[in-house]
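Visitor: One structure is given below, represented as structure tokens, and several questions about it will come after.
Only the coordinates and a few stated rules stand behind these numbers; no lab work does. Predicted model only: the values in this text are computed from it and were never measured. So basically every Cβ, Gly included, is an ideal-geometry build from the backbone, and we count neighbours across all protein chains shown.
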Amino acid sequence: MSALGWAGVAAMVIGTMVAARLLLSTVTVRGGSMAPTLRHGDVLLVLRHRRRPRTGRIVVVQRPDRDTGWDGPADLSGAAGWYVKRVVAAAGDPMPAWVPGEQPGRVPPGMLVLRGEHPHSEDSAQWGLCPADRMYGVVLLRLPTGGERVTA
């Protein structure tokens, strides 16, 4: 391969790495709100984007403020902290009866209904609808940690 060919391959590899860094992130689970699916210390590979997540997907969202819930401004810097929850209803889906407050029959555009899997999880049952713009990304997979053996 010529020097120009190697330079092209190197540029493509570097471009791919930069794109992956912009689109992918890792998040470490803290707490047990998603047990038994996810455990404290699990490392998740997250696709960062703003597209509508599908019902059933696990997402990372901005933690609601203790005083204002999700009514304050969006802050995806991570300063407010993160929640890892499952989307149980998205825009246009039927509204679950357990969501507090006066709610329409369907989830409004731009909103998500989130649920933790542990019975004592804080989620839309306490905080109501989550604005979709609070979503950091969608979990792609749980990464193996040092103590696990991966089989292919």
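Visitor: For the list (1) surrounded by fewer than 21 Cβ atoms within 10 Å (Cβ to Cβ); (2) touching a helix residue (DSSP H, G or I) at 6+ places or on another chain (Cβ under 7 Å), I need the number of the one condition that G101 fails.
Guide: Unmet for G101, out of (1) surrounded by fewer than 21 Cβ atoms within 10 Å (Cβ to Cβ); (2) touching a helix residue (DSSP H, G or I) at 6+ places or on another chain (Cβ under 7 Å): (2).
Visitor: I'm checking my understanding of the structure. Among residues of the range 57-96 that are within 18 Å of G41 (Cα to Cα) and of a type in the set (V, I, T), which one is surrounded by the fewest Cβ atoms within 10 Å (Cβ to Cβ)?
Guide: I58
Visitor: Let me ask something additional. Right, Q103: more than 24 Å from R48 (Cβ to Cβ) and not in a loop (DSSP other than H, G, I, E, B) or not?
Guide: In short, no.
Visitor: Next question. Looking only at the range 33-52, count every residue that is within 13 Å of R86 (Cα to Cα), out of contact with any His (no Cβ under 8 Å at 6 or more places or on another chain) and either hydrophobic (A, V, I, L, M, F, W, C) or buried (at least 21 other Cβ atoms within 10 Å of the Cβ) (or both) and tell me the total.
Guide: Selection size over the range 33-52: 1.
Visitor: Mind listing whichever residues of the range 37-96 are in contact (Cβ under 8 Å) with a residue 60 or more places away in the chain, under 13 Å from P131 (Cβ atoms), touching a helix residue (DSSP H, G or I) at 6+ places or on another chain (Cβ under 7 Å) and part of a strand (DSSP E or B)?
Guide: V61, Q62
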